[in-house]
Every structure is written in C-alpha cells, then in structure tokens.
1. Report yes if some residue within the stretch 43-55 is touching a residue at least 40 places away in the same chain (Cβ under 8 Å) and in contact with a Leu (Cβ under 7 Å, 6 or more places away or on another chain); otherwise report no.
2. Tell me, yes or no, whether the stretch 68-89 has at least one residue that is of a type in the set (Gly, Ala, Ser) and open to solvent by 70 Å² or more (accessible area, probe 1.4 Å).
3. Scan the stretch 71-92 for residues that are within 13 Å of the ligand (Cβ to nearest atom) and touching a residue at least 24 places away in the same chain (Cβ under 8 Å) and jot them down.
4. Applying the selection to the stretch 1-40, what residues are part of a strand (DSSP E or B), under 23 Å from ASN105 (Cβ atoms) and among the charged types (D, E, K, R)?
5. Does any residue of the stretch 115-123 turn out to be within 12 Å of the ligand (Cβ to nearest atom), in a loop (DSSP other than H, G, I, E, B) and open to solvent by less than 70 Å² (accessible area, probe 1.4 Å)?
Amino acid sequence: MLDFYYQIKAQSTEHGRFSNWAFPPLFSGKVTAENKKAAKLLIEEEYGRKFPLRVLEKDLANEHYLLNIQEIKDDDERTKGLFELRECMQCGQQFRTIDLYNDHNEIYKGREYCGHRCRELHRLENIGDQGEGWGRKSRPMIYQITNIATGLSYIGKTTQVFTLRWYQHFYQGGSCKFHQAIKTSKAEDWEFRILETAVAPEGIDKNQYLLDRERYWIEKLNTIENGYNSL
Ligand SMILES: [Zn+2]
C-alpha cells in the first residue's frame with residue numbers, strides 16, 4: 001500500500017493571479033491505497049462526487065474544483081511533515097500543519113506554532129531577544145523608582161519585562177508605603193531606572209543572586225529608612 005497526498009483546489013476568485021487555483025487548497029489530506037487510481041476512488045467516495053485531475057482552459061466555467069494526487073515518497077520529509085504531530089513553540093499544545101492548511105480562518109500555515117496567535121505572542125515576547133541587549137526577554141533586573149518630588153525611592157527586582165513590573169506597581173498596588181505614596185501622587189512625579197541587570201554567575205542560584213543584589217542596593221541607597229522599601 002502507498003500513501004497519497006491530495007489537494008482539492010478551488011478556483012481562485014481573485015483576478016490577475018498566476019494560477020486559476022487558489023492556495024491554500026480547499027482541503028488537503030492523505031489516503032492509503034494500492035495505486036493512484038484507487039486513491040482517487042477513495043477520495044471521491046469520501047466526498048460523494050467526482051473530481052477532475054486536469055481542467056482545460058475552455059472547461060474552467062464548468063469545473064470549479066481540481067483534484068491533485070501525488071504519491072508520498074519515502075524521502076519526502078516535507079510532505080510527511082505536514083501530517084506529523086508537533087509541539088507549538090509558544091503554548092506547547094500539539095498540532096499538525098495539515099490542520100492549519102485546512103482551517104480557512106487560520107492565516108498561519110507553518111510548522112512551529114499551533115496558529116497565528118501563538119506566533120504573534122512569541123514574536124512579542126521575544127522582541128530584543130537577539131544578542132546581549134538590555135531588552136532581552138526575562139533578564140533579571142534591579143530597578144529604582146524615584147519620586148522626584150520627594151526624592152525618595154523604591155528598589156525592586158523583576159524577571160519579567162521591566163515595564164510590566166512598572167505597570168503592576170501603578171495599577172495593582174497594595175497597602176505598603178510605596179503603594180500608598182503612588183496613590184497620593186501624580187504619575188509625572190515618578191522616574192524609573194534600571195540599576196543593574198542581575199544575571200547570576202555560573203553555578204550560583206539565580207533567585208538567590210537576585211535577592212542578594214536587591215538587598216545590596218536597598219542597603220546602599222538606604223531605601224528602607226529613607227525611601228519606600230519595607231522590610
Ligand atoms: Zn500554540
């Protein structure tokens with residue numbers, strides 16, 4: 001028995017295209033049969049209608065669909081890969097590219113993500129992820145938020161995108177003295193600054209390292225007694 005990859009193509013509704021047939025196909029799938037002819041019969045049985053394998057220019061007005069069947073050769077990793085279960089690079093969910101091909105609401109047709117949404121999320125989370133730049137994702141950082149009206153500041157640490165932490169302080173504040181100060185001030189009174197990118201040296205626990213660096217800065221700038229840090 002042989003595996004056959006088939007595509008049911010529909011006529012393109014866009015004018016001026018190179019081909020009369022739209023991509024992606026209306027439906028793509030796989031059947032197992034003795035030969036191409038048997039494969040065609042199986043497909044036609046499944047759809048309850050006949051499909052032409054060729055459509056001449058003069059028949060385009062009457063033939064709206066075209067069936068393309070090709071044997072999947074052993075070394076054709078590209079086609080075989082369409083049917084393999086993969087793990088989405090963003091959410092970890094399993095998916096098959098062939099299902100993306102057949103989902104006409106899905107604009108992503110690749111092999112790395114389960115869909116457009118995950119590809120976009122991945123792109124957004126990894127902006128600046130190339131090289132050693134400061135914007136690199138999830139870089140642990142020690143930051144200082146200073147009230148320029150009072151001159152007092154707060155030292156914090158984060159492993160998230162630092163602007164997110166900044167946002168959280170301002171919109172999800174608690175009852176500590178820092179959040180009380182935020183509540184009774186204007187946004188323009190505050191200045192945000194990165195004191196240090198705190199990447200732990202090889203062999204040192206990264207959370208402990210981050211805590212140590214935070215404590216170092218809190219002591220150095222005396223922000224418990226003379227600032228907004230609490231014990
Ligand atoms: Zn996903």
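The values are calculated or read from the model by the stated rules, or taken from the named source; none is laboratory data. In this text, all values refer to a predicted model and were calculated from it rather than measured experimentally. Cβ: placed from backbone, ideal geometry, glycine included. Neighbour counts: every protein chain shown. For accessibility, only protein heavy atoms count, side chains too; no ligands or nucleic acids. Shrake-Rupley method; radii C 1.70, N 1.55, O 1.52, S 1.80 Å.
1. For the stretch 43-55, residues touching a residue at least 40 places away in the same chain (Cβ under 8 Å) and in contact with a Leu (Cβ under 7 Å, 6 or more places away or on another chain): present.
2. No, the stretch 68-89 contains no residue that is of a type in the set (Gly, Ala, Ser) and open to solvent by 70 Å² or more (accessible area, probe 1.4 Å).
3. ARG86, CYS88, MET89, GLN90, CYS91
4. Scanning the stretch 1-40 gives LYS9, LYS30.
5. yes
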